[in-house]
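So the structure is just underneath, and the comments pick up after that.
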There are 2 protein chains.
Amino acid sequence: MKAHIKVTLKKGVLDPQGKAIEGALGHLGFAGVLGVRQGKYFEIDIAETNKANAMTEVRAMCEKLIANTVIENYDIELA
Amino acid sequence: MKAHIKVTLKKGVLDPQGKAIEGALGHLGFAGVLGVRQGKYFEIDIAETNKANAMTEVRAMCEKLIANTVIENYDIELA
């Protein structure tokens with residue numbers, strides 16, 4: 001089973017990398033950019049085939065390693 | 001309009017960061033991890049409200065700045 005995980009900064013957490021991209025897009029001539037936030041994306045292939053068990057396992061991975069839950073949110077999709 | 005962009009390494013491109021996470025998950029006791037690939041995730045807020053125009057604009061951003069299309073694929077979702 002494959003887990004797709006998006007890790008994004010929580011609202012209010014500064015994102016200098018996103019700001020830099022926003023500036024760079026402006027310099028490249030993209031005028032209508034209102035904001036950019038950068039996050040991380042992970043694809044994890046796991047042996048578990050039961051969806052509920054897989055979700056529990058992947059959630060534990062996120063809490064322990066993948067995301068810094070003090071400043072980041074994570075969103076898991078199983079496929 | 002908001003664009004959600006996933007940037008992932010193309011098949012065959014080495015992903016040492018993903019390998020490191022895979023190893024770390026193993027050390028943490030997650031036994032059933034078959035593979036990890038890390039990518040990037042972007043949320044771009046744009047002024048354009050027409051979906052087709054927005055897609056064209058965001059695709060141009062990806063080609064010019066967001067993704068390195070030699071080694072990376074990108075996937076755009078508009079919402």
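Going through segment A:22-48 one residue at a time, which ones are in contact with a Gly (Cβ under 9 Å, 6 or more places away or on another chain) and surrounded by fewer than 16 Cβ atoms within 10 Å (Cβ to Cβ)?
A:G35, A:D45, A:A47
Which is touching a helix residue (DSSP H, G or I) at 6+ places or on another chain (Cβ under 9 Å), open to solvent by 70 Å² or more (accessible area, probe 1.4 Å) and more than 28 Å from A:K64 (Cβ to Cβ), of B:K64, B:K51?
B:K64
The values are calculated or read from the model by the stated rules, or taken from the named source; none is laboratory data. All of these numbers come straight from a predicted model, not from anything done at the bench. Here the Cβ is made from the backbone with ideal geometry for all residues, glycine too, and neighbour counts use every protein chain on show. The area values use the complete protein model at the heavy-atom level, side chains included, leaving out ligands, DNA and RNA. Shrake-Rupley method; radii C 1.70, N 1.55, O 1.52, S 1.80 Å.
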